[in-house]
Structures are given as structure tokens and as C-alpha cells.
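Asker: I am attaching a structure below and will ask some questions about it afterwards.
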Amino acid sequence: MTRPDEGATGRRGPSWWPAVVAVGRASPGLAAVAVSTTLLSASVPALFIILSGTAVGLLARRDDGSAGSLGLVVAAMAVVLALSQLSGMVRSDVLEALARRMDIVLRRRLIEAVARPVGLGHLEDPRLQGRIATAHGLANRLGGPAGGLLGVTGRIQVLLTAVGCVALLAWVDPVLAAGSGALHLVVGRGLRDNYRQLLQQLHLDPGALRRGHYLRDLLLRPGAEKETRVFGLGRWLLGLHHTEWLRVSTAAWQGRRIAWWKIAAGAVLLGAGQAAGIAVLADGWQDGAVSLAALVVGVQAGIGLLRFAAVTEWDRLAHIGWDAVDALVEVEDATRPAGPTGDRDPGAAPVREIVLRDVSFSYPDGTQVLHGVSMTIPAGGSLAIVGRNGAGKSTLLKLLLRSHEPTSGEILVDGVPLRELDPQRWRSRLATMTQDFVRLPLTVRENVAGPGRATDARTLAAVAAQADLDTVLADLPHGWDTVLSPQLAGGTDLSGGQWQKVALARGLHALRTGATVLALDEPTANLDIEAERAVYDAIIDATREHTLLLVSHRFATVRRVDRIVVLDGGRIVETGDHATLIQQGGLYAQMFDAQAAVVR
């Protein structure tokens, strides 16, 4: 399999077979029509050359019988031109419809491929991210299937036309046909290889490309406009964007200078070949070995071969468009599970406990975050994980969610290794709220209960009260049915604290509809002290019969939990309830006193 980072350096271009298969699966009927119209369009130039040569031959005869035949030939030429126009229009509409169907099929395949892995490691791999970004070009109309279809069918049409021209030239002069065909084949291939190298130059630094896209989006999309204006960052960001794109473009410009010399050399060779071919045909006509009709056919056939050698817009569309399909296939290969992902039903787990045994974790770059962590989380209890920033608190929560797998050690749920449990069923037992919670541009109801799910009014009212969301709902124009997006008609936006209440209500709603564990990562970071205390009290009261995992660096909020685990440098340094840890006078007590002094 091609490595994800080879799209810029070592790849020879996209493999066409996956793209061909994708076209056939999208709509066999439309694909058949596209092939038929392409064949018809490709045959038109050869037919027109034959008819025009015949017409010239009839004109040269100037006898009484040639007039009627000439009329038929002219009528046939008109029919051929009409068929050419008609097939072109039909093909254009068919390709557009086929591209839309391919968009749907391939976009779904990309989403499924990215969502398939149990964890999130593939989303943190910069090499694979580059191929995902290329595959995401499916959304670009002329950078995806639509452009690919136009490009490939255009190239096929040119190829078939060239075959017809060589056949006609062979009828006039076989030796000339062989020489001219070989010249155009060699020069054309060289020019197209050179063009592909130019396109690949633009992808030599995928990191710079992603940074350029990020800076562009930062300037164009809503969200950061306040700070960019207040601090006058617009020109600075624009300069950074220009620098990143200049870094990408410089290599392409250097390659383009060399390419122009190759193009000029190719043009000289083709021009010399065309001149020599015409001279041979003209000499044969003067000697009487070649008729005037054959001369016209031969000259037109030779000129028709020029399109086969030339690099056209079809080549750009074909290469860029189908490269997106090729990248999709690579992403699918890279995200297929290497082994079993677990298929055991967790049932109502955890019934007894969740146990971590000597768990360590390192990121792919070698950074070790957790070192030999061992703890027991009793079912139905509450546990807080606290510590300084970077201590490994959120990483520990990610391991429990199976966003990552431990580098060493294991996690057991009621004695069963977590890796043996079906990941989707296990996650259905979890209600979670992370620091970077999702903000859906949907109604409040859909943000809390999920899109398309049946909602119980009493359950919604209960979780709204527990998350202090009812105070937010009272100020919204349509209550639960208010759309939370200022970009949509009738929609509105919320403050950071209000959004946090929505996310917390989402977790509490999941707890009431089947989840057994509530895992919260800094759930009240945007709330004031009074609201924070009230929300924490409501959370602890709501989870008395469930398991609560709480990650926080604000120690005043974890006083009511059953047990507190203190992490420092990826290791457990203290454990106990609030009173015990304060009495010990260790790291927890020091940080608690420091925060209390700030609040005072």
C-alpha cells in the first residue's frame, strides 16, 4: 500500500482502477451512457476527416455524376456535426449526474473510513492527515469526481481520436503513420509526466499547505474576528498565510521554469514532425502517388494527432480529481483494523468496578504521558482525578473512553479486559463531556437529546434543571426549539458558559437513557463560582446510583466526591478523600490552599 505521505514525493500518480470501480458502482446505467457518448464523440473527427477528404476528391473530379454524390457527402457531414453536438450535450448532463452520485458514495466512504478506528490515533498522524485532506477534495466540484470524470473521459476521447487519426494516416502512408504516431506518443508522454511532476511540486510540504488553509480559514470564518480586529492581527495573519503559500509555490515555480524548456523542446519536435509529414504527403501528391483526397485526409489526420500529444485541461482535472479517489482508497486501507477490536457485550457494566493495572501511555512521537498508573474505580461511586496542567488527567479519561489504547498495562471492566468489549456498546454505557465539546448548529433539544431521537419532556426538564440550563432556556426565543447558530435563519448563539450547560445537559440526558458512567473533563470551566458549585452539587446528586469520573484542576469543586486521585508527571502521587488529603499536607493540600488564596 502507498504510504499516506507519498502523495507528494514518491507517488507516480493515482491508480485508476479504484476510480473506474467507483464510477461503475455509482450508477452502472449512467456509466454505460457516458462510455457510449464518449465513443461517439471520439469517432466524429475521423468520420469528418474521411467525409471532407471525399468531398475534396469529388470537387477535384468536376464531372456530372459528382454533384449528387457531393450533396450526399455534405449532408453526411452535417449529420456527423449534429450528432457530435448532441452527444456532447448528453455526455455533459450524464457526467454531471454521475458525479453527483459518486460524490454521495465516496463522501460516505471517507466518513466511514475516518470513523472506523476505535481510537483517535489516525487523526493525530500528520502523514495520514495529508491523505485525508486530499480525499476531502471530493467536496470540491472540479477537484473531485466531477473533474475526474470530465478529465478522464476527455483523455479517453482524445486517445480514441488519435487511434482513428493514425489509422487514417496508415491508409495514406503506413510508414509515415508509424513514425508520426511514435513521435506523438513519446513526446506526449514526456509532456504529461512533466506536468504531473509540476502538480506534485505543490504537495511537497503538506504541513505548509495545512497551515496555509488554517490561516485562510482563520481570516474568513466567524469565531476569531473579534480578537483579530482588537489586536490588529489581520495583516500579520495575512503575512503568515502568504509566507506559507510562498513556501509551497517556490518549488513549483522553480520546477515550472524547467518545464517550460521541456515544453518548448517538445513543441519543436512536434512542429518538425508535422512539417516533415506534410512535406512527404505533398511530395507524394506532386508525384501522383497520393491523391488530393488522400492528401487532405493525411494532413488533417496528422494535425489531429497534436491534441494527443498536448497537455490539456483534461490532464489537470483527471490527475487532481482522481487523486482524491486514490487518497480515499489509501485512507480506507490505513484505517482497517489490524486485529480484533472486541466484540463482547458489556451489558450493564460496570457492575462491580473498573480497574487500571500498571497503565502507561505514550503518544506516537514518543512523549510518555502516563507511567504505571494503577487504581480501582468502584461502580456506583464518585472519583475525581486532579493535578497540574499536563499531569495526564485528560489522557487517562481518553483511555477509559478507548480514544487511545494503553501502551502497556491493561484496563479491566468487571474483570474483563476493556479491549475485548465491543467499543460501540461500551461507549453507549458512557456519558461524557470533554473540554472541547461539540456545538451542533441544531436546536437546543437536538443538542441535548441527539438529532432524530424521541424525547421525553420530563427527562428534558429534569436534566435542564440539574445542568442549570433552564435559566438559559427562559431567555431563548423558542425555548427547546431555538436553533443554536447565528448563521442560520432564526438562529442565535450562546456564551461559553451557556454552551457548557448545554453540553452538561447532554451528558446527564445520556445518563438517564441508558449510560452507567458519567465522565466529565472540566465541566464548569466557563461558569462563575456560584453556578459552578450548584452544578457540581446537582451532578453528584444525579449520579448517586451511577459511576462518576471527574477530571478537574479546580479543587474546591471535588470536595464531595468519594475519592480523589492526584496525578503529577503522569504518576499517582496521592489518593484519598478531601479531608484525608488536606490532613496529609501533600501536593493536593498545597494546590488547594493556593487556589483558596486566589479566591479570597
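Asker: Only one of (1) modelled with pLDDT of 90 or more; (2) crowded, with 17+ Cβ neighbours inside 10 Å; (3) assigned by TED's automatic domain parsing to the domain that holds residue 546 is not met by residue 432, so which one is it?
Answerer: (1)
Asker: Sticking with this one: Looking only at region 199-251, how many residues end up being outside any helix (DSSP H, G or I), within 20 Å of residue 324 (Cβ to Cβ) and at pLDDT 75 or above? I'd like the intermediate steps shown before the answer.
Answerer: Here is the first cut: in region 199-251, the residues outside any helix (DSSP H, G or I) are 202-205, 221-224, 231-233.
This time we only want the ones that are within 20 Å of residue 324 (Cβ to Cβ), so: 202-205.
Of the ones still in play, those that are also at pLDDT 75 or above are none.
Residues flagged as outside any helix (DSSP H, G or I), within 20 Å of residue 324 (Cβ to Cβ) and at pLDDT 75 or above within region 199-251 amount to 0.
Asker: Wholly within region 377-472, which helices (runs of 4 or more DSSP H) include no fewer than the required count, namely at least 1 residues that are under 28 Å from the mean Cα position of the chain (by Cα)? Step through it out loud before you land on a result.
Answerer: Working: elements: 393-400, 423-428, 444-449, 457-466.
Filter on region 377-472 gives 393-400, 423-428, 444-449.
Asker: Additional query: Would you check if there is a residue in region 390-407 being of a type in the set (D, E, K, R), surrounded by fewer than 18 Cβ atoms within 10 Å (Cβ to Cβ) and in contact with a helix residue (DSSP H, G or I) (Cβ under 8 Å, 6 or more places away or on another chain)?
Answerer: For region 390-407, residues of a type in the set (D, E, K, R), surrounded by fewer than 18 Cβ atoms within 10 Å (Cβ to Cβ) and in contact with a helix residue (DSSP H, G or I) (Cβ under 8 Å, 6 or more places away or on another chain): present.
Asker: Still on this model: Which ones in region 29-64 are among the hydrophobic types (A, V, I, L, M, F, W, C) and farther than 18 Å from residue 163 by Cβ?
Answerer: 30, 31, 32, 33, 34, 51, 55, 56, 58, 59, 60
Asker: Filter region 274-316 down to the residues that are in contact (Cβ under 8 Å) with a residue 60 or more places away in the chain and not in a helix (DSSP H, G or I) and list them by number.
Answerer: If the condition is that a residue be in contact (Cβ under 8 Å) with a residue 60 or more places away in the chain and not in a helix (DSSP H, G or I), then 290, 291, 305, 310, 311, 312 are the ones that fit.
Asker: For region 549-600, what are the residues that are surrounded by fewer than 16 Cβ atoms within 10 Å (Cβ to Cβ), assigned to a helix (DSSP H, G or I) and not hydrophobic (A, V, I, L, M, F, W, C)?
Answerer: 580, 583, 584, 590, 593, 595
The values are calculated or read from the model by the stated rules, or taken from the named source; none is laboratory data. In this text the structure is predicted, and so the values were computed from the model without any measurement. Cβ sites come from the backbone with ideal geometry, for glycine too, and all protein chains shown count toward neighbours.
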